[in-house]
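A.B. asks: Got a structure here, written out as structure tokens. Questions coming.
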Amino acid sequence: MPNSKISYCDRFIIFLFSIFPISILIGNLFINLVILLISLLFIFKLIKKDFNNFDFKENYIIFFLLLFFFLSLVVNVIFSNNIYLSYPRVLKFFFVIFFILAFKLLITKYSTNLDNVYKIWNIIFFVVIADLIFEFFVGYNSLGQKSVMPGRLGSFTGQESVVGGYILAFCLISLSFIYNKFKNNLINILIAIFFITISFFIGERANFIRTLLAIILFIFFIYEVSLKNKIISVILIFVSICLLFLNLNSDYKQRYFKQLKYLFTPNGITNYLENSQYGAHRNVAKEIFIDNPIFGVGIKNFRTESPKEKYDDLDHNKNQGRVANHPHQIYYEFLSETGLFGLVSFIIFITYSIFLSLKNYIKKRNIFQFSAIVYVILSILPVIPTGSFLATYASALFWINYAIMMGYNTRD
């Protein structure tokens with residue numbers, strides 16, 4: 001649609017989506033502000049019935065799926081140990097519903113503008129990568145920020161050092177954009193390997209594993225090269241990683257090799273969980289769930305429940321380190337904070353969303369949708385540690401990919 005026909009309201013929505021990746025890097029306040037503004041603008045359009053070429057009948061499934069999950073969170077608030085901790089995250093998700101529908105509006109009504117949004121996201125993504133390379137060699141990023149953890153890079157996330165999740169969330173979107181613009185398979189594969197290398201140097205092991213899996217899946221299912229060359233590409237990736245192991249500084253060797261090598265010994269995962277804080281978080285989360293099996297203790301209440309004296313004598317080697325803001329694994333988080341009711345509701349919501357999107361992708365073959373499907377699936381893998389699912393930073397990365405995944409669904 002020509003720019004002259006775009007309302008000021010829609011222009012502002014497009015602008016806000018364009019800068020959304022920047023808001024994620026700036027911090028929670030800006031993330032929430034952008035989501036709120038987009039949602040309010042969409043609600044305003046809803047009230048004004050300003051929706052030419054936007055078929056609500058086509059989008060009712062997305063709305064009711066999101067509404068179903070939202071209502072399950074509302075039920076959790078009712079049974080929460082501390083409602084004042086829980087309700088802000090639930091209220092925020094109410095606006096996320098309209099944020100996701102607004103992105104569907106971009107896909108449906110402003111495809112040309114959406115391509116420009118992806119282009120801006122790609123530019124921002126490469127700025128972050130350049131900043132990470134600068135930090136790797138200099139020791140601090142272009143703003144003078146640096147990670148406080150040895151063997152980790154933080155880029156614009158500074159001391160929080162959570163940029164690995166950002167790279168994971170946008171790497172396939174970037175690869176999709178590049179693939180649409182440049183059909184040279186060699187260049188595409190080299191860029192994919194480059195992204196994996198950057199993720200490795202960031203030092204976030206769980207996000208590196210997910211990024212590695214995501215890009216390998218992208219290579220196998222999207223790039224139009226022979227199976228032989230795809231296998232060679234994957235082998236090249238693993239050889240490159242092994243060479244990096246042999247030539248990195250002691251911090252990287254410690255994080256990627258020495259701390260993880262016993263995972264590949266008999267009972268390695270069990271022994272790791274028995275002797276790590278991650279294991280302690282999960283152990284107390286299990287006990288919290290046993291004590292509160294139906295509705296859990298409430299969203300964001302793990303942080304106040306895990307320190308309680310009744311969990312002081314749990315049988316775990318690192319039990320003294322059990323206290324945390326969340327259990328660092330999505331399923332333990334849902335079990336401890338929302339109980340069986342919340343976990344089952346989430347599984348119904350997410351599996352049906354993935355099913356609908358996979359069904360549509362098989363018909364339409366939109367690679368942006370494929371990228372988002374891969375991200376959503378990898379985000380809910382069991383075992384691998386995760387951030388808090390409903391926390392602002394992690395949820396922003398998840399819901400923008402969910403919006404892409406569901407936004408391309410059509411009825412035909």
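A.B. asks: Name the one entry in 229, 180 that is without any contact (Cβ under 8 Å) to a residue 60 or more places away in the chain and assigned to a helix (DSSP H, G or I).
C.D. replies: 229
A.B. asks: If we scan region 308-330, do we find a residue that is surrounded by fewer than 16 Cβ atoms within 10 Å (Cβ to Cβ) and modelled with pLDDT of 95 or more?
C.D. replies: The answer is no, given that none of the residues of region 308-330 is surrounded by fewer than 16 Cβ atoms within 10 Å (Cβ to Cβ) and modelled with pLDDT of 95 or more.
A.B. asks: I'd like the residue in region 194-203 that is open to solvent by 20 Å² or more (accessible area, probe 1.4 Å) and either in contact with a helix residue (DSSP H, G or I) (Cβ under 7 Å, 6 or more places away or on another chain) or at pLDDT below 90 (or both) and, out of all such residues, is farthest from residue 161 (Cα to Cα).
C.D. replies: My answer is 197.
A.B. asks: From (1) open to solvent by 10 Å² or more (accessible area, probe 1.4 Å); (2) closer than 16 Å to residue 77 by Cα, pick out the condition that doesn't hold for residue 290.
C.D. replies: In the conditions (1) open to solvent by 10 Å² or more (accessible area, probe 1.4 Å); (2) closer than 16 Å to residue 77 by Cα, residue 290 misses (2) alone.
A.B. asks: In region 55-99, which residue that is touching a residue at least 60 places away in the same chain (Cβ under 8 Å), hydroxyl-bearing (Ser, Thr, Tyr) and assigned to a helix (DSSP H, G or I) is surrounded by the fewest Cβ atoms within 10 Å (Cβ to Cβ)?
C.D. replies: Residue satisfying both the conditions and the ranking: 72.
A.B. asks: Looking at 338, 351, 392, 410, which one is free of Cβ contacts under 8 Å to residues at least 12 places away in the same chain and on the phi < 0 side of the Ramachandran plot?
C.D. replies: Of 338, 351, 392, 410, the one residue that is free of Cβ contacts under 8 Å to residues at least 12 places away in the same chain and on the phi < 0 side of the Ramachandran plot is 351.
A.B. asks: Just one of (1) open to solvent by less than 70 Å² (accessible area, probe 1.4 Å); (2) of a type in the set (A, V, I, L, M, F, W, C); (3) modelled with pLDDT of 90 or more; (4) more than 30 Å from residue 106 (Cα to Cα) trips up residue 156, so point out which.
C.D. replies: Only one criterion in (1) open to solvent by less than 70 Å² (accessible area, probe 1.4 Å); (2) of a type in the set (A, V, I, L, M, F, W, C); (3) modelled with pLDDT of 90 or more; (4) more than 30 Å from residue 106 (Cα to Cα) is unmet by residue 156, namely (4).
A.B. asks: Kindly provide the set of residues from region 15-35 that are among the β-branched types (Val, Ile, Thr) and open to solvent by less than 20 Å² (accessible area, probe 1.4 Å), ordered by number.
C.D. replies: 24, 31, 34, 35
A.B. asks: How many residues does region 29-61 hold that are within 28 Å of the chain's Cα centre (by Cα) and at pLDDT 85 or above?
C.D. replies: Number of matching residues: 16.
A.B. asks: Residue 115 - would you say it is within 30 Å of residue 223 (Cα to Cα), without any contact (Cβ under 8 Å) to a residue 24 or more places away in the chain, outside any loop (DSSP other than H, G, I, E, B) and among the acidic types (Asp, Glu)?
C.D. replies: Yes; evaluated as a whole, the condition is true for this residue.
A.B. asks: Same structure, new question: For region 365-393, enumerate the residues that are over 16 Å from the mean Cα position of the chain (by Cα) and surrounded by 16 or more Cβ atoms within 10 Å (Cβ to Cβ).
C.D. replies: Within region 365-393, 366, 367 meet the criteria.
A.B. asks: Do we find that residue 362 is in a helix (DSSP H, G or I), hydrophobic (A, V, I, L, M, F, W, C), open to solvent by 40 Å² or more (accessible area, probe 1.4 Å) and at negative phi in this structure?
C.D. replies: So residue 362 passes the test.
The values are calculated or read from the model by the stated rules, or taken from the named source; none is laboratory data. All of these numbers come straight from a predicted model, not from anything done at the bench. Cβ atoms come from the backbone with ideal geometry, glycine included; neighbour counts cover every protein chain shown. Heavy atoms of the whole protein, side chains included, go into the accessibility calculation; ligands, DNA and RNA do not. Shrake-Rupley method; radii C 1.70, N 1.55, O 1.52, S 1.80 Å.
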